[in-house]
Every structure is written in C-alpha cells, then in structure tokens.
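The values are calculated or read from the model by the stated rules, or taken from the named source; none is laboratory data. Everything quoted here is computed from the prediction, not taken from an experiment. Quick reminder, even Gly has a Cβ in these numbers, built from the backbone with ideal geometry, and neighbours come from all protein chains shown.
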Amino acid sequence: MVQEDALKLGLDPGELVSVGRVDQDAEAVRAAAEGMSITYDVIRWSVLALAVAALTLVQTVTVNQRAWFFGLSRALGAPSRIIVAYVAAETAGIVVGAMAVASGLLTALSPSITDFARAAFGVQADVMHAQTMLTLALAVTVAVVFATSIPVIAVLRRDPLEVLEAPRG
C-alpha cells in the first residue's frame, strides 16, 4: 500500500515500513512485567511498613499517656502479662477494625476494579484472593506483635513508684 507513494517520492518502501513480529519482543514484555511486579511488591511492603511504624508510634504515645494507670496496676500487684494483654488487645482491635474497613471497601469496589482492569489493560484483576489474604494475615500478625512489644517493653521497664510520683519542679 505504501510502495506506490514511496516510489513517487523517491523513497525506498522497505525503509518506511517495518513489520515486527509479536513473539520477537516477548522477552522484553516479560522483563517489563517482572519489573512492574517487583515495583508493586516494594510499594506494597513499604506501605505496610509505614502503617506498622505509625501504629507503633500511636501505641507508644497511648501507653505513655496511660503509664500512671499501668504503674498503679503494677504497684497494686497486677502481673505484667495483664498490661501486655491489654495493649495487645487494643492494638489488635485497631488493626482488625482497619482491616474490616479496608476489606469492606475492597469488596464494594471489586467489580469496578475488575471492570477497569479488563477495559484498560485486558487482564483479569482479582483484588481479594486466598494467597493475598494469607500473606496479609501473616503480615498483620507480625504488625500487631511489633506494635505491641515496643510500647509494652517501654512501660514495663519503668519503676511503678516513679511513674506514680508527682513530678517535682
């Protein structure tokens, strides 16, 4: 189709048109897909790490604000495991609540996400599947343990009587 016009212009039709085969670039496409997968994995784990750091910070501040009550409990003979259980239950409650909201949003938006992925990229996108949920459950368990342990260690290392004493100016 281009040959006649190319010859009129004095050009070689072979230089104007190049035909590439789909299977020639398959390795490049696979490499790009692998790179994108790694990028999304880094983003996913980074967001999770930031969430754990934020939760740990929030729990540390909360436990420090309640140090007087924990000190009073310990001075009256409450075992340390009660304080650990209290902070762990509070942390788990925060995480479970956040997961419930996130799961609800993903469930509600799943049809829209699937339709967008199919229309824009021609792929099937499953937002919530078993492997992801298993990984998320493991990550959340580690997050709860980490976000509980640092504040609890900090409050249990303090002397209960020192915490109960009024600050002197």
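Quick look at the values:
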| item | result |
| --- | --- |
| THR114 vs. criteria surrounded by 13 or more Cβ atoms within 10 Å (Cβ to Cβ), part of a helix (DSSP H, G or I) and not basic (Lys, Arg) | yes |
| Considering residues of the stretch 74-85 that are surrounded by 14 or more Cβ atoms within 10 Å (Cβ to Cβ) and either in contact (Cβ under 8 Å) with a residue 12 or more places away in the chain or under 29 Å from the mean Cα position of the chain (by Cα) (or both) only, the residue nearest to ASP159 (Cα to Cα) | ARG74 |
| Residue list for the stretch 122-164, restricted to those being surrounded by fewer than 10 Cβ atoms within 10 Å (Cβ to Cβ), outside any helix (DSSP H, G or I) and at pLDDT below 85 | GLY122, VAL123, GLN124, HIS129 |
| Extreme residue, surrounded by the fewest Cβ atoms within 10 Å (Cβ to Cβ), among residues of the stretch 59-70 that are out of contact with any helix residue (DSSP H, G or I) (no Cβ under 8 Å at 6 or more places or on another chain) and of a type in the set (A, V, I, L, M, F, W, C) | VAL61 |
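Per-residue answers, yes or no, for (1) outside any helix (DSSP H, G or I); (2) among the β-branched types (Val, Ile, Thr); (3) touching a Gly at 6+ places or on another chain (Cβ under 8 Å); (4) modelled with pLDDT under 80:
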{"site": "VAL19", "(1), (2), (3), (4)": "yes, yes, no, yes"}
{"site": "ALA26", "(1), (2), (3), (4)": "no, no, no, yes"}
{"site": "ILE38", "(1), (2), (3), (4)": "no, yes, no, no"}
{"site": "ASP41", "(1), (2), (3), (4)": "no, no, no, no"}
{"site": "ALA49", "(1), (2), (3), (4)": "no, no, no, no"}
{"site": "LEU55", "(1), (2), (3), (4)": "no, no, no, no"}
{"site": "GLN59", "(1), (2), (3), (4)": "no, no, no, no"}
